[in-house]
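What follows is a short report on a single structure.
The numbers here are math on the coordinates, done by the rules we state, and not lab data. None of these values were measured; they are calculated from a predicted model. Cβ coordinates were reconstructed from backbone atoms using ideal geometry, including for glycine residues, and neighbour counts include every protein chain displayed.
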Amino acid sequence: MRAIVCKNFGDLSEVVMKEIAEPICGPDQILIKVHIATVSFMDWLMTDGSYQLKPDLPYVPGTDAAGIVQDVGINVTRFKLGDRVACSTWYGAYAELMVAPEGACSLIPKNVSDIDAANLIYAYGSAHYGLIERAKLISGETLLVTGATGGVGLAALEVGRILNTHVIAAVGSDKKREIALQYGADFVINYQSEDVRGRIKELTDGRGIDVCFEMIGGDVFQMIARSMNWNGRLLPIGFASGEIPSVKMNLPLVKNYSIVGSVVGAWWERCRPEAIKANDEIFRWASAGIIHPKTDRIMPLEEARRALELLVNREVTGRIALSVAK
């Protein structure tokens, strides 16, 4: 079968198209004929060797896909051959066939496209878990989302809107301002050109942020750590700047705020029933038109390396979709 293979970490020239053997479906897995795979920042981190999980080389990248069930393992009860499914797992999506754990998959409603379905579980699952399960975000609170126009960032804006919160988006350029407003932001801060702490004080009447869904790290995280409200919750979701920050612990001490870990993939593996319930809610939102996953563009599978380059160079709003099935 055709697949994109990462031969070595740290060099995108080592991410190439190859013919490889078809995967074998395990007892708790389903085999999926992939129609659409989407390109996430985690996909790039893994090919770079910067992610906490390092697959054995060579491996097929890709966390998220949508397609048709081709086979089911002996222990599988939720799916049958021919079902339309979406999945989010650690890797394997950039291929004509992939296997995924049963618990990492969801049925796709009839009125949800493969492109939207492949863009739902990881992005909206991350936002749902972080904001609802971990931060306990409630109506009327102020939410700040940094890196707000990537796939996960836009999802967090929409979840914040669903929860009836005051949503502030932090973006890296003015050209991203309009899309953040379209996805639910009440206000937008450009952290490259504006005084972030000053704007937060202005927009919150000096109180600070109740919940921050923080994906940049580095200096941005340090500014946010000084801008939290009393009893706030600061979620370190990712480190797109490349710098993992540290925090002077007097900051959460004097403001009584919490730094809350939120790793959705590990939660999925440890708490499958709860994760399946959350993913089902996300697909109900999509079917009802409550959320709107953003696809930046569609590219053929052969251009997966170029898609990763566009992502790393911050030239993507939402997600790139790879068209896999011929």
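Report which label in (1) 15.5; (2) 19.9; (3) 17.4 holds the value of mean projected area of the Cα convex hull in nm² derived from the coordinates of this structure. Computed from the coordinates, mean projected area of the Cα convex hull in nm² corresponds to (1). Taking each residue as 0.36 nm, the span from GLU274 to LYS136 lengthens on full extension beyond its C-alpha to C-alpha distance by 48.1 nm.
Just order 27-39, 274-286 by mean Cβ neighbour count inside 10 Å, highest at the front, would you? Let's see the in-between values first.
Values: 27-39: 23.6, 274-286: 17.8.
So the peptides 27-39, 274-286, ranked by packing, come out 27-39, 274-286.
Note on the chain: GNM, Cα springs under 10 Å; of LEU157, LEU235, LEU53, the largest mean-square fluctuation is that of LEU53. Modelled spin labels at LYS33 and THR77, positioned 7 Å past Cα toward Cβ, are 2.8 nm from each other. For region 123-264, a simple Cβ point-charge model (Lys and Arg +1, Asp and Glu -1, everything else neutral) yields a dipole of about 260 debye relative to the Cα centre.
Once C-alpha pairs closer than 8 Å and six or more residues apart are averaged by separation and normalised to the residue number of region 1-101, the relative contact order reads 36 percent.
Percent relative contact order of region 123-264, based on C-alpha pairs within less than 8 angstrom and at least six residues apart?
Details: 299 pairs, mean separation 32.5, N = 142.
Reported as a whole number, the value is 23 percent.
Amide H to amide H distances under 5 Å link LEU322 with ALA37, THR38, VAL39, MET299, where only residues 5 or more positions off or on other chains count and H is placed in the peptide plane.
Given an 8 Å cut-off on Cα distances and at least 6 residues of separation, report the relative contact order of the chain as a percent. List each step's numbers first, then the result.
Values: 747 pairs, mean separation 59.2, N = 326.
18 percent.
Under 15 Å from a point 7 Å along the Cα-to-Cβ line of GLU315: which residues of region 282-307 have their amide N that close? Backbone N within reach: 296-300, 303-307.
Name the residue, out of VAL196, VAL247, VAL145, whose mean-square fluctuation peaks in a Gaussian network model built on the chain with Cα pairs under 10 Å. Result: VAL247 has the largest fluctuation of those listed. Distance between the 7 Å Cα→Cβ label points at ARG197 and ILE162: 3.5 nm. A straight line joining the Cα centroids of region 256-292 and region 159-238 runs 21 Å. In units of the rule-of-thumb radius 2.2 N^0.38 Å, region 172-326 shows an alpha carbon radius of gyration of 1.22. Beta bridges per DSSP, both residues in the chain: antiparallel share near 55 percent. So for region 11-93, taking the charge dipole from beta-carbon charges (+1 Lys/Arg, -1 Asp/Glu), which of LEU45, PRO23, VAL60 sits furthest toward the positive end? Projecting each Cα onto the dipole axis, the largest value belongs to PRO23.
Give, in nm to one decimal, the length gained when the segment between ARG207 and ILE244 is fully stretched (0.36 nm per residue of separation minus the Cα-Cα distance). Mind showing how you got there, number by number?
Details: separation 37, 0.36 × 37 = 13.32 nm, distance 2.62 nm.
Extra length available between ARG207 and ILE244 comes to 10.7 nm.
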